Every structure is written in C-alpha cells, then in structure tokens.
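The values are calculated or read from the model by the stated rules, or taken from the named source; none is laboratory data. Just so it is clear, the structure is predicted and the values come from calculations on it, not from any experiment. Methodologically, a virtual Cβ is constructed for each residue, glycine included, from the backbone with ideal geometry; neighbour enumeration extends over all protein chains shown.
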Amino acid sequence: MGGWAIAVHGGAGVDPNLPAERQEEAKHLLTRCLNIGISALRSSLPAIDVVELVVRELESDPLFNSGRGSALTANGTVEMEASIMDGDGRRCGAVSGISTVKNPISLARLVMDKSPHSYLAFSGAEEFAKQQGVEMVDNDYFITEDNVGMLKLAKEANTILYDYRIPITGLESCAASVESPIHMNGLPISVYAPETVGCVVVDGQGRCAAATSTGGLMNKMTGRIGDSPLIGAGTYAGELCGVSCTGEGEAIIRGTLARDVAAVMEYKELGLQDAVDYVIKKRLDKGFAGLIAVSNKGEVAYGFNCNGMFRGCATEDGFMEVGIWE
Amino acid sequence: MGWAIALHGGAGDIPKDLPPELREPREACLRYCLKMGIDALKAQKSPLDVVELVVRELENNPYFNAGRGSVLTSNGIVEMEACIMDGITKNCGAVSGLTTVVNAISLARLVMEKTPHIYLAFEGAEAFAREQGVETIDSSHFVTPRNIERLKQAKEANKVQVDYNTRPIPKDDKPPAPSGDSQLGTVGCVAVDSYGHLATATSTGGLVNKMVGRIGDTPIIGAGTYANKLCAVSATGQGEAIIRATVARDVAALMEYKGLSLKEAADYVIEESAPRGTTGLIAVSATGEVTMPFNTTGMFRACATEDGHSELAIW
C-alpha cells in the first residue's frame, strides 16, 4: 500500500508491421520519459507537476503523435489539443486547436491555474498563450516529413475505401491479410497515427494526476476535437485514480472512458486493474482504445482492446516495464 | 412506462423578485415548448427529433441564453455551443465557437450524422455549416440589448472588485451582474418515448464576459449532456463545476453501477457531487420517470409525463 507509481503511453493501435528500429526508438523514448518521471517523483515533486513534465517531453519528441510530430489535418496543418487534471480537488485545464504553442500540455496547465475557466480553444487559446508569455513557434515546427507522407497515404486510402474499382495499394505493407486489413478510425493501420501521448502519476502523498496530449486524427476535418481534451473521456483524475486514454477518439468520448474507470472504482468498489479491465471490455462497443491508470494506493494498470499500445510503467518498489504488444 | 419530457432554460441565482417583464415571457416560452414537445411525442416522433425541435425553439427565444439571446464574450460577440446525444446508439454530436449559425443544436446533429467525427469547433464548425447549407445570419442577430447591458455590468463589477476589493454597488437594486441572472446558462431538453428510447440536447451562449475561446460543460459529453439506455440528462449552471463533477455521466453511472433510481442518482449528484449554488439538471429514465433537481436558487424548467403529470416552475 502506498508509494508512488507512474505510467506513460504513446498511443494505442499499432501497425503489426512496424519496423524493428521504430519499435526500439519508441521503447527508448518511453523509457527515457519514465525515468524523467521517476527522478521527479524521487525528488518529491507533486503528481500534477510530474505528469506535465513527462508529457512535455513526449510532446517535444517527434516520434509520437503530439506536439512536434503531430498528425496533420486535411489541410496539412497541425491542430493540437491537451488536458490535465489534478485528482486533489479535481481541478482541470484543457486546450484545443493549438497551432503555435510549443507545449500544449503546459498551456492546459495555465488554463487550470491562471484562467477563470477550464477549457480554451483556437484563437482564444492562442491569445491566452501570448498573454501568458509561453513559448510560441511557427506551425511548421510541428510538421514532420513522415506525417506529410502519411497524410498523402491517408487521403489515398480514404478514396480507395470508397471506390471498389481501384485495387487496394498502399496496404501491402500491412502484415494482416489484405482481405481484412486492420483499420482504426477508418484508416488502415499502416497510416493510422496512434492518437495521443499521456502520463498518469500517483505521488508519495497518494495524490493522483493525469495528462493527455495529441495532434489528433490523421486527415481530420479542421476544427475536429477528439477525446484528449475532454475531461471524463480522454483524461480524468480524482481521489482514487488518474487515467489517460488513447485510441479511437469518438469511441472514447461515447464511452466516457477515463471517468468510467474512476466511477466503477467509486460506485462498484472495484480495484484498479478490475476497473480498467471492466471498462475496456464493456465500454467500448465496437471501438478500439487503450488506457493507463494509477490508483491512490500506488498501483499501476493498463488495458487495451486493439493491436498494441506503446506504454511504460513503474512503481516505487522497483517494478518497471515498457512494451508495445499484448 | 410511457413517454416523458423535460426542458430547462437555465439554473442559477434567479432572484425571487424577478420582475414580471422578465419572468412572464420565459414562462410562456417554456409552456409553449413543453406543448410542442408533448405534441411531437404523441405524434410518435423519435426522441432525437423531439429534443432537437424543442431546443431549436428555445434557441430562437431571445430570453434564454442560447442562440438569439446568448450572453456575450469579453469581446462583445457570441460564441455558441451545443450538444446532442442519442441514448440507444450513444451517437453524439457537439459544436463550439459558433458565431453565425442560427441553430447550433441542428449543426451538432449534422456533425453526428454527416461526419465521422463527434465534435467540431470554431472556424472548422462554421465552414462545415456552410458546406451543409444550414441557416446562418450576421452574428449581430444573436445580440440583445439586455446582454450588452449584462456584459457592461460584468466588466464594471470585475473592475470594481479589482480596484476596491469590495462587492460592486448594485444598480437600481438589481443584483450585481456576475452573481445575478447572468449566471443563467443554457437551455436543454430530454425525452423518452413509450419504447424507452432516450435522447438529450443542450445549447448555450456560455458565460457572460467569458474569455474568447472558452468552452463550457455543454458540448462535453458526460459533463453537460449524456444519454444511454438508462437515462438522458441535460445539466446547467457553472460550467467549470459541471465539468469537474462529470454531472450528466454520473447520474447514469450511479443508476448503472450502484443501482440507484433516476431520482436518487440525480439527487446524489446535485447534493453531493456538485458544489452548492452551481448546478441544476433535468433527466428522464427509460421507464418514463422524470426529475429536475437543482442546488441553485432556481432553474427555469418544465416537464410532463404520459400519465398526465405536468409541471412548470422557476424556484
């Protein structure tokens, strides 16, 4: 009982044919971020500060779909969103439609701490960012060559999905048989950018916090908001736990996934792992998603019903694990 | 069993001495909308259609904080948001940051039915509205003199509070804007038909003098709006409090996970989860029950059930 615990994720729904070196890169990044969080926890930084710190690191690295390296909108631009919640008091902050703020999670934190509101979006959020003097960059900073290529494939795949005469090219790199390739949110898994990064922490005082950040769905309509900035869907933290979700945004919203983990713990008195399993099994209908969670008792858990989730977790008693597949 | 419907025009610190010229038009609108909703249910319209048409009517009425009559942002413009959810399928649609769309709730429904997404906001939502050919109008259409006055009072109250650190001086004995009826947020409707199908819809202009780009609880599934197979809920009040307490989802969660009845679940959320003075909600269950609890001074509300019960009240 007790002790700190931390989990991080880099998105759920992974191409089974992801090249080995990409898998290694991902595991290194997750390990590095876990270690950053662990050091912070050992210096007694509160949970809310640790989750922000770790997600900043994930945003700054171009590997995952958040901050730099975000998926692109149908217009080829980046629109990022993020949310953060402090279980101690259930304060929260969220932002959407961010295009020039280097670290959206920190802006979400400022919304929580320095504004009278919980959620700011688009030009209003950017204006607030300027007033707060946060680091701003050109939208180009966030765009990577990889994602420009992915967007092109995504657009082609969308056309292909609706035109039966055209042979399905671009999917032959997918290991799953071409007759039934894996799809997430309408995209073949080879071009789907696992949405989101996140971190959940319980500190040595038993306080839980959660933070989630994303560039969103590849080829999304401009103005589309997913689950990541929505408290109760992609992010939630209360007295009992902290949760961050990833996967098909629309499925996570309908399933109010993050809140439901906490709700089954509160109202059905399930333990953390049971709550996570319950929600993944029962709240997703036909949707695909994953989540990470910590409890105020120092436990850590994760679950996903799709093909893989980039994740890592560690607890104070020395347990540490980084993984991608089941 | 049997159909049931409830609608609200906002919960908040509604003064008991609300003058007749402010009270009567709102009561009349609630009465009219209730009748519209009842007629639609009797004509076997789906609950999704019923909640949309009732909320459209509430949006069009300038006395409520949605559509025309929306409160103003700190820049003196409107930024409207809305959300709709179908209980059986849990399909939902939400919009935020609208400035020219006459009926935000209908755009939310189009997001649900015509896009692969759930939530569109600001320029992207306005562009979608144009693609869909929904009715748009110059944003000055939504602005009413009363809301211009409210904004002015809110700004002065903020200024006074900062300069003197005292309560602002009331004008003409009306309560100071920030704690008076400018707290009024939102309109909403929940309905269940005789087959137990549920739907909910909520729409709002948000908070007086809000920062540009501020999003409240209304478009956040699980906060201001939620429906599943057990119940349909629409909440109103202080957005930030409703988000933190995931009000609408919690009513359903308590029913599902703790086996509480609709009334018990709604009362629990209002009394225990949401801070006093911040929240009201309307809810119906699949078995035709209805409840409308609030922990604020008042909530403009009305409801009716198939067995002939009907109610319209403010406090």
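Checking B:Arg68, B:Arg56 one by one, the residue that is modelled with pLDDT of 95 or more, over 19 Å from B:Leu312 (Cβ atoms) and within 13 Å of the chain's Cα centre (by Cα) is B:Arg56 and no other. Can you tell me how many residues within segment A:184-203 are within 14 Å of chain B (Cβ to nearest Cβ) and either acidic (Asp, Glu) or surrounded by fewer than 24 Cβ atoms within 10 Å (Cβ to Cβ) (or both)? Residues flagged as within 14 Å of chain B (Cβ to nearest Cβ) and either acidic (Asp, Glu) or surrounded by fewer than 24 Cβ atoms within 10 Å (Cβ to Cβ) (or both) within segment A:184-203 amount to 4. Among the criteria (1) of a type in the set (S, T, N, Q); (2) farther than 28 Å from A:Met265 by Cα; (3) without any contact (Cβ under 8 Å) to a residue 40 or more places away in the chain, the one B:Ser261 does not fulfil is (2). Number of residues in segment A:204-223 that are surrounded by 24 or more Cβ atoms within 10 Å (Cβ to Cβ) and either at pLDDT below 95 or more than 7 Å from every other protein chain (Cβ to nearest Cβ) (or both): the value is 13. Checking each residue of segment A:238-247 against the condition of being crowded, with 24+ Cβ neighbours inside 10 Å, at pLDDT below 90, closer than 17 Å to A:Leu18 by Cβ and under 17 Å from the mean Cα position of the chain (by Cα) gives no match.
Of everything in segment B:124-135 that is part of a helix (DSSP H, G or I), surrounded by fewer than 24 Cβ atoms within 10 Å (Cβ to Cβ) and free of Cβ contacts under 8 Å to residues at least 12 places away in the same chain, the residue that is nearest to the other protein chains (Cβ to nearest Cβ) is B:Ala127.
The helices (runs of 4 or more DSSP H) found wholly in segment B:218-315 and carrying at least 3 residues that are more than 15 Å from the chain's Cα centre (by Cα), surrounded by fewer than 18 Cβ atoms within 10 Å (Cβ to Cβ) and at pLDDT 95 or above occupy B:262-268. Residues that are farther than 17 Å from B:Ser139 by Cα, at the interface with another protein chain (Cβ under 7 Å from one of its Cβ atoms) and buried (at least 24 other Cβ atoms within 10 Å of the Cβ) within segment B:92-123 comprise B:Cys92, B:His117, B:Ile118, B:Tyr119, B:Leu120, listed in sequence order.
Determine whether B:Ala199 is in a strand (DSSP E or B), surrounded by 24 or more Cβ atoms within 10 Å (Cβ to Cβ) and at pLDDT 95 or above. Spelling it out, B:Ala199 is indeed in a strand (DSSP E or B), surrounded by 24 or more Cβ atoms within 10 Å (Cβ to Cβ) and at pLDDT 95 or above. A:Leu110 meets each of the listed conditions (1) crowded, with 24+ Cβ neighbours inside 10 Å; (2) assigned to a helix (DSSP H, G or I) apart from (1). Checked against (1) part of a helix (DSSP H, G or I); (2) within 21 Å of A:Gly223 (Cα to Cα); (3) touching a residue at least 12 places away in the same chain (Cβ under 8 Å), A:Glu127 meets all criteria but (3).
Within segment A:86-100, the set of residues being under 30 Å from B:Glu123 (Cβ atoms) and either outside any strand (DSSP E or B) or more than 11 Å from chain B (Cβ to nearest Cβ) (or both) comprises A:Ser99, A:Thr100.
If a residue has to be among the hydrophobic types (A, V, I, L, M, F, W, C), within 10 Å of chain B (Cβ to nearest Cβ), in contact with an Asp or Glu (Cβ under 8 Å, 6 or more places away or on another chain) and part of a loop (DSSP other than H, G, I, E, B) to count, how many in segment A:255-289 make the cut? Result for segment A:255-289: 0. Contact annotation: residue pairs with Cβ atoms under 8 Å, 6 or more positions apart or on different chains, pairing a residue in segment A:10-25 that is closer than 20 Å to A:Ser66 by Cβ with a partner that is among the basic types (Lys, Arg) and surrounded by 13 or more Cβ atoms within 10 Å (Cβ to Cβ), are A:Gly10/A:Arg311. Would you confirm, using the coordinates I've provided, whether B:Lys45 is in a loop (DSSP other than H, G, I, E, B), surrounded by fewer than 24 Cβ atoms within 10 Å (Cβ to Cβ) and touching a Phe, Trp or Tyr at 6+ places or on another chain (Cβ under 8 Å)? When the stated conditions are applied, B:Lys45 does not pass them. Picking from residues in segment B:202-214 that are touching a Leu at 6+ places or on another chain (Cβ under 7 Å) and facing another protein chain (nearest Cβ under 9 Å), the one that is surrounded by the fewest Cβ atoms within 10 Å (Cβ to Cβ) is B:Met211.
Taking the listed residues A:Ser66, A:Ser118, A:Ser60, the one that is within 18 Å of the chain's Cα centre (by Cα) and surrounded by 24 or more Cβ atoms within 10 Å (Cβ to Cβ) is A:Ser66, with no other qualifying.
In this structure, A:Arg259 does not qualify as out of contact with any Ser or Thr (no Cβ under 6 Å at 6 or more places or on another chain) and not β-branched (Val, Ile, Thr).
In contact with a helix residue (DSSP H, G or I) (Cβ under 8 Å, 6 or more places away or on another chain) and outside any helix (DSSP H, G or I), is that true of B:Ser96? Spelling it out, B:Ser96 is indeed in contact with a helix residue (DSSP H, G or I) (Cβ under 8 Å, 6 or more places away or on another chain) and outside any helix (DSSP H, G or I).
From the list B:Glu271, B:Glu240, exactly one residue is within 14 Å of chain A (Cβ to nearest Cβ) and touching a residue at least 24 places away in the same chain (Cβ under 8 Å). Which is it?
Just one listed residue meets the conditions, B:Glu240.
Would you pick out the residues in segment A:121-137 that are facing chain B (nearest Cβ under 7 Å) and either crowded, with 18+ Cβ neighbours inside 10 Å or out of contact with any Leu (no Cβ under 9 Å at 6 or more places or on another chain) (or both)? Within segment A:121-137, A:Ala121, A:Phe122, A:Ser123, A:Gly124, A:Ala125, A:Phe128 qualify.
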